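Contents: one structure, followed by commentary.
The values are calculated or read from the model by the stated rules, or taken from the named source; none is laboratory data. Everything numeric here is computed off the predicted structure, so don't read it as measured data. Here Cβ is always computed from backbone atoms with ideal geometry, including for glycine, and neighbour counts include all displayed protein chains. Each accessible area value is taken on the protein alone, full model and side chains, heavy atoms only, with ligands, DNA and RNA left out. Shrake-Rupley method; radii C 1.70, N 1.55, O 1.52, S 1.80 Å.
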Amino acid sequence: MTQVKGIGRHFLGLKGVSSTELTEILDRAAFWDQYPEKVADVLKGKFVVNMFFENSTRTRFSFEIAERRLGAEAVNFTAAESSVAKGESIYDTVRTLESMGIDAGVIRLKPVGVLQELAGKIRVPLINAGDGNNEHPTQALLDMYTIRKHFGDIRGLTVSIIGDISHSRVARSNLWGLTTMGAKVRFCAPPNLQAPELAEYASYVSMEEALRADVVMMLRVQLERHARGMIESAEQYRRDWGLTVERLEKMPPHAIVMHPGPVNRNVEIDDEIVEHPRSKIFTQMAHGVPVRMAVIERVLS
Ligand code: CP
């Protein structure tokens, strides 16, 4: 069971999680990945609530599919259709659902710090489905699973994470998880989209250097989190920081392209690359289901 900062039974992040535990989750995901069409009954009778206080397609639906494939009852909560729209707090909402007898909650939140606070007050296990720019642990696990499945091992690989690092929970969770698993992580970002507090864990390199990697992981430009004017224009961003077809050709022949989605086509990544043979973007999405099955099963077992 994952213990995060002494809070208990919740799955809040990858920082501080051991390589042994990460390997166990990835191995269990590999087990579930063998049976993509099967429904198991390992969580029969359990109720898992998906609480999304921020929009989602990949995470929300892959959690729901994972829950159903494990035989659990998936209950979906959307803030806009709930009493949150009448001013009810996040804590009161989660506490209300807990009082109804749920077994676990999958939760996505905009503000950083609220999840840690909730985890100290809520007894049922909470699984982080993305909190602000802090962590998105199941996304990083599915990224790590995709890398391990492609290369056989994560240890010794060089992974370049390129783009809007400052607003990215995906970059942070991948940094913690991949580093623990023995990969070398480097960042490449425009100066105003860097996260200086992470510089002691990963060096910032030029685009030319970042392309010399085993894995090139592009990040979405998170315009909804930007103060005005953080990028000049989509064209300028693509020209200076995007993975263009020309840049793809400079990558080593064995290197793969990743992106957590959703994608801004022709901004951080060229349209032609999204479904290119070297792109793992839709493979990553497919891996979301077995990886989340492994996490839910672990939290509830
Ligand atoms: N990668 C990711 O978290 O996508 P969603 O926002 O669609 O869940």
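The table that follows gives values for the structure above.
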quantity: Over 31 Å between alpha carbons, listed pairs 121/280; 184/280; 86/121; 38/110; calculated: 121/280; 38/110
quantity: Paramagnetic reach from residue 184 (point 7 Å along Cα→Cβ, amide N under 16 Å) across region 242-256; calculated: 252, 255
quantity: FRET efficiency, residue 68 to residue 209 (Cβ-Cβ, R0 51 Å, nearest 0.05); calculated: 0.70
quantity: Estimated inter-spin distance, residue 301 and residue 225, nm [label 7 Å along Cα→Cβ]; calculated: 3.2
quantity: Folded to 0 to 90 degrees: helix 90-99 orientation relative to the chain principal axis, Cα; calculated: 40
quantity: Cα-projected label distance for residue 42 with residue 57, points at 7 Å along beta-carbon direction, nm; calculated: 2.9
quantity: The chain - share of DSSP beta bridges that are antiparallel (%, nearest 5); calculated: 5
quantity: Radius of gyration and maximum dimension Dmax of region 137-281, Cα, Å; calculated: 13.9, 43
quantity: Dimensionless Rg over Rh [region 194-246; C-alpha; Kirkwood]; calculated: 0.97
quantity: Whole-percent carbon and sulfur share, accessible surface of the chain, 1.4 Å; calculated: 50
quantity: Paired Rg and Dmax values of the chain, which use every Cα atom, in angstrom; calculated: 18.8, 56
quantity: GNM top mover of 20, 179, 138 - the chain, alpha-carbon springs below 10 Å; calculated: 20
quantity: Surface accessible to a 1.4 Å probe, per residue, for the residues of the chain, Å²; calculated: 43
quantity: Nitroxide proxy distance, nm - points 7 Å out along Cα→Cβ at residue 78 and residue 282; calculated: 2.5
quantity: Fluctuation leader among 110, 250, 184 - the chain, Gaussian network, Cα springs under 10 angstrom; calculated: 250
quantity: Signed unit charges on C-beta, dipole axis of the chain, positive-most listed residue 31, 251, 133; calculated: 31
quantity: Estimated FRET transfer efficiency (residue 35, residue 150; beta-carbon r; R0 25 Å; 0.05); calculated: 0.75
